[in-house]
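Just below is one structure, and these are the notes that go with it.
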There are 2 protein chains.
Amino acid sequence: MKGETLGEQESAAARLMRTAQHDLVEALTSYDGDGEFRHAEWDRDGLGGGTARVMTDGRVFERAGVNVSLIHGSEVPPTIAKAMPEAAGQPYTATGVSVVLHPRNPYAPSFHANFRYFGVSSELWWFGGGCDLTPSYGFDEDAVHFHRTLAAWCDRHDPSWYPAWKKECDEYFAIPHRGETRGIGGVFFDRLTGGFDRCYALVADGVRTLLPAYLPILDRRRDMPYGERERTWQLLRRGRYVEFNLVHDRGTLFGLQTRGNIEAILMSLPPLARWEFAHQPEPGTPEADLARFLRPHNWLAHA
Amino acid sequence: MKGETLGEQESAAARLMRTAQHDLVEALTSYDGDGEFRHAEWDRDGLGGGTARVMTDGRVFERAGVNVSLIHGSEVPPTIAKAMPEAAGQPYTATGVSVVLHPRNPYAPSFHANFRYFGVSSELWWFGGGCDLTPSYGFDEDAVHFHRTLAAWCDRHDPSWYPAWKKECDEYFAIPHRGETRGIGGVFFDRLTGGFDRCYALVADGVRTLLPAYLPILDRRRDMPYGERERTWQLLRRGRYVEFNLVHDRGTLFGLQTRGNIEAILMSLPPLARWEFAHQPEPGTPEADLARFLRPHNWLAHA
């Protein structure tokens, strides 16, 4: 079996993901100031495995998860082989890091990011990833800050990327049965290739961009006073988050179908979620205003 | 369009479903003693519609829903046409009633039932339906009572039905990614045909069997003392309920894909659900004992 000794690119990608996990866990622990990340290793029948780091009941974070995985497969999965016939039947290495942050304060948005590398050979490989934001209450300045920070990151590498990946993100995070998006989007890219060093630099820069994109928003929201009304609304919105992840998210469904590590896959779910029959926020309330944020919008051009 | 005047069988089936809703709402209101059923009509672009009746925040029921629908379609849906080529391209009538009860007390199991009729012509039609029970805490006597009551109902009509439909239920309500069933099962049948009067009698008798199968269990459990530990466990088990309904339930996914009435479809979700990372109940606890109930078991032969 492959994978005892990784190729140079695979090693670099795996190191990038693992370092990202380490650095994010350290930064988020320090930011929270109270909660600690538990540590759970899992492996998949000698094909590789991963490390899940999960904080529950922090001061700022109700749940925070940062997972890393490194899998050596003997044969490219069918869905990928179908899209890339030249990879069919080949062994591969896949490594990635994923981040899901559900803060306690209803005014603070949930954050999701992942980066991943898929390699068949030194010629056939790609990176994927991105990040997005899911608020329960919308704030224009937060959405503008988030998208500006992501656009600046992408623009440092290729000015055509942000507009294309922002669109991909809006399309991916749609909840068609609700006629809304999961949140205010962000950027998402897949099968990025064309020069390993260039792609690696984009992803490494992306890892460094996550906290500057998110923490200034959390700074503003994490200590806002709230009551039962805001908590109930947050839990209803988390119900939508669950609906997206279990009904539409390709990563989740692929993981469940292929019997991946169930806890690592479902780490993305919020700790608590609520459903109410035919709930509609009162017109004119901040809850009703959220609808404005749940459709694709050009936040860079926002006044 | 068809459906202005229903055929005799369709009328009888639609009346059966509507009467079932009325009687169940009345009985459950009286049983709860405090909560009331809200009433919401929906229609589907002139194809028909339905009535959702939902109680929230009752004394016994945290959520109780009883929906009825009557749809006249101009063309049999593709999944059915594929299984029954003789129905392809035909107009149809579909009517059904569905019941989902989530009691407040963690010791009291959730209950689900539905009955439905699908008719293309007086020769081409079938009934489907059944009911099942989802406890958070397992009690042998409850499981035995539930299955005995269902077996007695089926046996009054055909002694081969209970064993076959109990097996169908166990298979349908599996959560493969968790390696467990949603609950202790019950009975489930689909495409039952062969003499309208005989099938109608089975279903009408089934409607009358729902409360005798469930309420004696609820009588025993609804006032058992409990605390935060039991409530937390109940919410974690409701997380599994959500996983089944959103990832596996064919009815839910079909409804979401075909843009059915979203609130009526998702009425089945519990009001509140919880996910914890890698949660495992302590061996030897009542929580750990639930595992014994979440695999197929012959409850009729249970000592």
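Identify all residues within the range A:209-228 that are without any contact (Cβ under 8 Å) to a residue 60 or more places away in the chain, closer than 29 Å to residue B:263 by Cβ and outside any helix (DSSP H, G or I); write none if there are none.
A:227 - this is the single residue of the range A:209-228 that is without any contact (Cβ under 8 Å) to a residue 60 or more places away in the chain, closer than 29 Å to residue B:263 by Cβ and outside any helix (DSSP H, G or I).
For the range A:106-113, indicate whether the set of residues that are touching a Phe, Trp or Tyr at 6+ places or on another chain (Cβ under 8 Å) and small (Gly, Ala, Ser) is non-empty.
So far as the range A:106-113 goes, yes, one or more of its residues are touching a Phe, Trp or Tyr at 6+ places or on another chain (Cβ under 8 Å) and small (Gly, Ala, Ser).
Residues of the range B:169-202 being over 19 Å from residue B:127 (Cβ atoms) and in contact with a His (Cβ under 7 Å, 6 or more places away or on another chain), which ones?
Correct list: B:175 only.
Restricting to the range B:53-75, what's the tally of residues that are in contact with a Pro (Cβ under 8 Å, 6 or more places away or on another chain) and either within 18 Å of residue B:105 (Cβ to Cβ) or hydrophobic (A, V, I, L, M, F, W, C) (or both)?
Within the range B:53-75, residues that are in contact with a Pro (Cβ under 8 Å, 6 or more places away or on another chain) and either within 18 Å of residue B:105 (Cβ to Cβ) or hydrophobic (A, V, I, L, M, F, W, C) (or both) number 5.
Regarding residue A:34, is this residue closer than 19 Å to residue B:275 by Cβ and either among the charged types (D, E, K, R) or away from chain B (no Cβ under 14 Å) (or both)?
no
Can you report the number of residues in the range B:24-37 which are in contact (Cβ under 8 Å) with a residue 24 or more places away in the chain and in a helix (DSSP H, G or I)?
Of the residues in that region, 7 qualify.
Can you pull out the residues in the range B:59-84 that are touching a strand residue (DSSP E or B) at 6+ places or on another chain (Cβ under 6 Å), away from chain A (no Cβ under 14 Å) and of a type in the set (Val, Ile, Thr)?
B:60, B:68, B:71, B:76
Collect the residues in the range A:109-129 that are within 12 Å of the chain's Cα centre (by Cα) and not charged (D, E, K, R), keeping them in residue-number order.
Result: A:110, A:111, A:112, A:113, A:114, A:115, A:128, A:129.
Could you list, ordered by first residue, the pairs with Cβ atoms under 7 Å in which the first is in the range B:283-301 and more than 14 Å from residue B:143 (Cβ to Cβ) and the second is among the aromatic types (Phe, Trp, Tyr), at least 6 apart or interchain?
B:286/B:137; B:287/B:233
Condition check: at negative phi, surrounded by 18 or more Cβ atoms within 10 Å (Cβ to Cβ) and either at pLDDT 95 or above or not in a helix (DSSP H, G or I) (or both). Does residue A:231 satisfy that?
Answer is no for this residue.
Among (1) under 19 Å from the mean Cα position of the chain (by Cα); (2) on the phi > 0 side of the Ramachandran plot, there is one condition residue B:51 misses while meeting the rest; what is its number?
(2)
Being under 20 Å from the mean Cα position of the chain (by Cα) and part of a loop (DSSP other than H, G, I, E, B) is the filter; apply it to the range A:67-108 and report the residue that is surrounded by the most Cβ atoms within 10 Å (Cβ to Cβ).
Across the range A:67-108, the extreme among qualifying residues is A:108.
Select from the range A:173-185 the residues that are touching a residue at least 60 places away in the same chain (Cβ under 8 Å) and among the small types (Gly, Ala, Ser) and write down the one among them that is nearest to residue A:139 (Cα to Cα).
Looking at the filtered set, the residue picked out is A:183.
Please specify each residue of the range B:38-58 satisfying the condition of being within 14 Å of chain A (Cβ to nearest Cβ) and either surrounded by fewer than 16 Cβ atoms within 10 Å (Cβ to Cβ) or outside any strand (DSSP E or B) (or both).
Residues satisfying the conditions are B:38, B:39, B:41, B:57, B:58.
Any idea which of A:118, A:127, A:111 is surrounded by 23 or more Cβ atoms within 10 Å (Cβ to Cβ), out of contact with any Lys or Arg (no Cβ under 9 Å at 6 or more places or on another chain) and within 20 Å of residue A:21 (Cα to Cα)?
Matching residue, one of A:118, A:127, A:111: A:111.
Determine if the range A:240-253 includes at least one residue that is part of a loop (DSSP other than H, G, I, E, B), within 13 Å of chain B (Cβ to nearest Cβ) and under 20 Å from residue B:232 (Cβ atoms).
no
Each row is one residue, and each column tells you yes or no for (1) modelled with pLDDT of 95 or more; (2) among the aliphatic types (A, V, I, L, M); (3) over 25 Å from residue B:154 (Cα atoms).
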residue	(1), (2), (3)
B:63	yes, no, yes
B:73	no, no, yes
B:77	no, no, yes
B:82	no, no, yes
B:85	no, no, yes
B:89	no, no, yes
B:109	yes, no, no
B:122	no, no, no
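Taking residue A:280 as meeting all but one of (1) surrounded by 13 or more Cβ atoms within 10 Å (Cβ to Cβ); (2) within 30 Å of residue B:249 (Cα to Cα), write down the number of the exception.
Only one criterion is unmet by residue A:280, namely (1).
Give B:197, B:142 a once-over and let me know the one that is acidic (Asp, Glu) and under 20 Å from the mean Cα position of the chain (by Cα).
B:142
Report, by residue number, each residue of the range B:163-183 that is in contact with a Pro (Cβ under 8 Å, 6 or more places away or on another chain) and either within 14 Å of chain A (Cβ to nearest Cβ) or not in a helix (DSSP H, G or I) (or both).
Matches in the range B:163-183: B:181, B:183.
What residue, among those in the range A:49-108 that are touching a His at 6+ places or on another chain (Cβ under 8 Å) and aromatic (Phe, Trp, Tyr), is nearest to residue A:203 (Cα to Cα)?
Of everything passing the filter in the range A:49-108, A:92 is nearest to residue A:203 (Cα to Cα).
What number of residues within the range A:220-239 are facing chain B (nearest Cβ under 10 Å) and among the basic types (Lys, Arg)?
So the count comes out to 1.
State the number of residues belonging to the range B:254-303 that are facing chain A (nearest Cβ under 8 Å) and not in a helix (DSSP H, G or I).
12
The values are calculated or read from the model by the stated rules, or taken from the named source; none is laboratory data. Computed from a predicted structure; not experimentally measured. Note that each Cβ is placed from the backbone with ideal geometry, even for glycine, and that neighbours are counted across all protein chains shown.
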